[in-house]
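For reference, the structure discussed in these notes is given below.
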There are 2 protein chains.
Amino acid sequence: MKVNPARFLSDLHALRQFGASGVGKGIVRPAYSEADVAARAWLAGRFKEAGLNVHYDPMGSLFGLADGPSILLGSHSDSQPEGGWLDGALGVIAALEVARAAKEAGGPAVSVVSFQDEEGRFGVTTGSTVWSGALSLEEADKLTDRTGVTLAQARESMALMAGDFVDPAQFSGFIEMHIEQGPWLDQAGDVVGVVTDIVGIRDMRITFEGEQNHAGTTPMHLRKDAFQALGAFNALIAERFQNVVTPQTVWTIGHVKLHPDAHSIVPGRATFSMQWRDGDANRLARMEDVIRRAAHDVAEARELEVTFGPMLGLEPVAMDAKSRGALEASAQALTEGRWRLMPSGALHDATNVAQHMPVAMLFVPSINGISHAFEEDTLEVDLVKGLEVLAGAIERLG
Amino acid sequence: MKVNPARFLSDLHALRQFGASGVGKGIVRPAYSEADVAARAWLAGRFKEAGLNVHYDPMGSLFGLADGPSILLGSHSDSQPEGGWLDGALGVIAALEVARAAKEAGGPAVSVVSFQDEEGRFGVTTGSTVWSGALSLEEADKLTDRTGVTLAQARESMALMAGDFVDPAQFSGFIEMHIEQGPWLDQAGDVVGVVTDIVGIRDMRITFEGEQNHAGTTPMHLRKDAFQALGAFNALIAERFQNVVTPQTVWTIGHVKLHPDAHSIVPGRATFSMQWRDGDANRLARMEDVIRRAAHDVAEARELEVTFGPMLGLEPVAMDAKSRGALEASAQALTEGRWRLMPSGALHDATNVAQHMPVAMLFVPSINGISHAFEEDTLEVDLVKGLEVLAGAIERLG
């Protein structure tokens, strides 16, 4: 099969117009936003033109289905609150181009997907998590975003288009092409990374509830300051993690909300996100232990209450040997040795899809390793090389 | 003169309807909000009925002016984002009642004021700061609230009513009645506190700017995490303050905003409020030193940038001996010894007004010391006792 780089790049830039941030190539297209729903409608049109059967599932994940058994390619088209133009979008448009090229070449049959809410407005890879069966739609509907909107409310905007969940049995496997989102390919000068496994992730919200009071008349020793509890917790886990983590382990407090969030008031409540990632499921569990105990210890010492939100998580997942082998052979044939095996520190929809079928992933470089930011970018020559490696692997598998 | 407790309490409860939170007696009436502007319009009507000349100054501070020379009483009617029903409102309505009673008794002449933005949507006691001349209107107009609205934009909502600034030379002095907002009167069972001096305050916003990146693919040792910088700063000042502060000194980080504030993104920017208070101006300056150096040290060690917003501040202020003496004599005559001398840990408009005339303050108890919260309250019998002590002092001064 022969992919068409111009057609591929043209579609990739067209998708970028939905939710364009006006800052570089940046994107503001969170799940279920107007821009996200409009982007999916445009994608659906392109899928139809490519001869695929358009289908939205109840979560709003968009499929372009080939007739009969097929291999599934794709990623997601929702973005972070401030996201890059390639994160997810690249895998969806590359899938579309390979599906078109395969059809023009008379096979193999390729289906395409853009999962909904990979970026976790309501959790973590929410659309593919529900599709995988790890979380029921009923449970997922109770999840809220940071402003208190429930998933049930958000997906009403797509309810008219939604059909049933797609039966995964029709797919022989899933391959997701993605930007690396880290520094390794860029620093090494490689153009393709074939993923060995995806690290696991845990994510929850934690709340310290203390006592809201006047910031002038409440002596320091009588305060139950929820921000100070957060500060103590943050320092305590860093200390206690020392004997648990590896240099590859990461943890992040990326969201903080104080209440009432005013200069002259001792904050009575602090709600924050706690996310941690590692390739070893046992280590993830030991970290959870440290986190829960540290939060309890801080709350007890400072006479505050602590509550934990529901924990969302994805287990570490090894890539399928056969699909990965096809990607390796294709990369070897097309990149003059400028490719490498690597783990994925970012999680991906492929983690969930692995519940139902063999999965594999390939990466292209992120310039300076920057991602989840407007500045995210990749050289067009690398985008095209990744597309060609993906197409070569599909030929080998088909 | 004879104050009318029923008329006083009726007006106090009527004012509470503007911005009623629906939670207990709580209030949501920040400066320049619809509720604040409506409350001032209602107050203006009551001032007029009391025979006072209604006047708004360019900041939106509302005066009810007696003819000729007079003593000024009052406080503020704006509230914290989540405020109590008495904070400020008590002093305004008590002033109104004393003005009415004095008029009915044939003197002395009493004017009334409700200053604008005492609670610091745009800084600290903004309305009386500008009136005092410590900050020009032009400079003040550049101040922004936490959502980026400038004071210039906010005060447009009151521009049609605004006249010139009131000449302070017409006032012989200023007395502000207020709730204590701390635990001391309530714990001691006293009903009135006569203030000796008001602590000074410093307030500024600080921003750490690091590097926004992916929370899965960025190793811990390569991160420039702005929230972690805030955590380190918070711990470092607590340590360095140990040799500087007294048990009466307080400091607060009450507002925190991360950017982009998402679970899966290493925060690239953290903006937060830093406020500190003490009765000693030299100590306030030494604390500022610690704060600026600690922020620089943290930024340097972690390779982030730090920037400091404009610093707003009020110097510690001693109360006027004569006015304070009148309050003491009145309290002694009316409370059967259940009153005390005390400093004010909270700042008040009186601090600014002291630039132009003698000032004094009296406190009534806050139940459980709670303030800047919906739960804030005071027994009605104590509210009335405070009113009577205030009226008695005005008689003595007049």
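The values are calculated or read from the model by the stated rules, or taken from the named source; none is laboratory data. The structure displayed is predicted, hence computed values, not measured ones. Here the Cβ is made from the backbone with ideal geometry for all residues, glycine too, and neighbour counts use every protein chain on show. What goes into the accessible areas is simple: the full protein's heavy atoms, side chains included, and nothing from ligands, DNA or RNA. Shrake-Rupley method; radii C 1.70, N 1.55, O 1.52, S 1.80 Å.
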Quiz item: Out of the residues in segment B:230-264 that are polar (S, T, N, Q) and at the interface with chain A (Cβ under 9 Å from one of its Cβ atoms), which is most open to solvent (accessible area, probe 1.4 Å)?
Solution: B:Gln248
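Return a yes/no flag: does segment B:199-217 have any residue that is more than 14 Å from chain A (Cβ to nearest Cβ), touching a residue at least 24 places away in the same chain (Cβ under 8 Å) and not acidic (Asp, Glu).
yes
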Self-check item: Contacts under 6 angstrom Cβ, first residue in segment B:104-117 being open to solvent by 30 Å² or more (accessible area, probe 1.4 Å), partner not aliphatic (A, V, I, L, M), 6 or more apart
Solution: B:Pro108/B:Gly398; B:Ala109/B:Ser70
Quiz item: Filter segment A:162-198 for residues that are part of a helix (DSSP H, G or I) and away from chain B (no Cβ under 14 Å); which is most open to solvent (accessible area, probe 1.4 Å)?
Solution: A:Ala169
Exercise. Identify all residues within segment B:62-106 that are within 14 Å of chain A (Cβ to nearest Cβ) and either closer than 16 Å to B:Gly51 by Cβ or charged (D, E, K, R) (or both); write none if there are none.
Key: B:Asp78, B:Glu82, B:Asp87
Quiz item: Which one is most open to solvent (accessible area, probe 1.4 Å) among residues in segment B:199-229 that are among the hydrophobic types (A, V, I, L, M, F, W, C) and under 19 Å from the mean Cα position of the chain (by Cα)?
Solution: B:Val199
Quiz prompt | Within segment A:9-22, tally of residues that are surrounded by fewer than 20 Cβ atoms within 10 Å (Cβ to Cβ) and either closer than 18 Å to A:Ser371 by Cβ or among the acidic types (Asp, Glu) (or both) | solution = 2
Quiz item: Within segment A:268-290, is even one residue free of Cβ contacts under 8 Å to residues at least 40 places away in the same chain, closer than 22 Å to B:Gly182 by Cα and more than 7 Å from every other protein chain (Cβ to nearest Cβ)?
Solution: no
Quiz item: Is it fair to say A:Lys48 is at pLDDT below 95 and under 29 Å from A:Glu388 (Cβ atoms)?
Solution: no
Self-check item: Counted residues, segment A:81-123 - those being in contact with a helix residue (DSSP H, G or I) (Cβ under 8 Å, 6 or more places away or on another chain) and farther than 21 Å from A:Gly45 by Cα
Solution: 6
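Name the residue, out of B:Met361, B:Met319, that is aliphatic (A, V, I, L, M) and either more than 30 Å from A:Arg223 (Cβ to Cβ) or out of contact with any helix residue (DSSP H, G or I) (no Cβ under 7 Å at 6 or more places or on another chain) (or both).
B:Met319
Okay, residues lined up against (1) more than 14 Å from every other protein chain (Cβ to nearest Cβ); (2) modelled with pLDDT of 95 or more; (3) more than 23 Å from B:Leu96 (Cα to Cα):
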{"residue": "B:Trp339", "(1), (2), (3)": "yes, yes, yes"}
{"residue": "B:Met342", "(1), (2), (3)": "no, no, yes"}
{"residue": "B:Ser366", "(1), (2), (3)": "no, yes, no"}
{"residue": "B:Ala373", "(1), (2), (3)": "no, no, yes"}
{"residue": "B:Leu379", "(1), (2), (3)": "yes, yes, no"}
Practice problem: Could you check how many residues of segment B:376-398 are in a helix (DSSP H, G or I) and either open to solvent by less than 40 Å² (accessible area, probe 1.4 Å) or aromatic (Phe, Trp, Tyr) (or both)? | Solution: 11
Self-check item: Checklist (1) crowded, with 18+ Cβ neighbours inside 10 Å; (2) out of contact with any Gly (no Cβ under 6 Å at 6 or more places or on another chain) applied to B:Ala6, failing item
Solution: (1)
Quiz item: Say we look at segment B:124-144 and pick out the residues that are in a loop (DSSP other than H, G, I, E, B) and touching a helix residue (DSSP H, G or I) at 6+ places or on another chain (Cβ under 7 Å); which of these is nearest to the other protein chains (Cβ to nearest Cβ)?
Solution: B:Thr125
Quiz item: With respect to A:Phe227, is the statement that it is within 14 Å of another protein chain (Cβ to nearest Cβ), over 30 Å from A:Arg396 (Cβ atoms) and in a helix (DSSP H, G or I) true?
Solution: yes
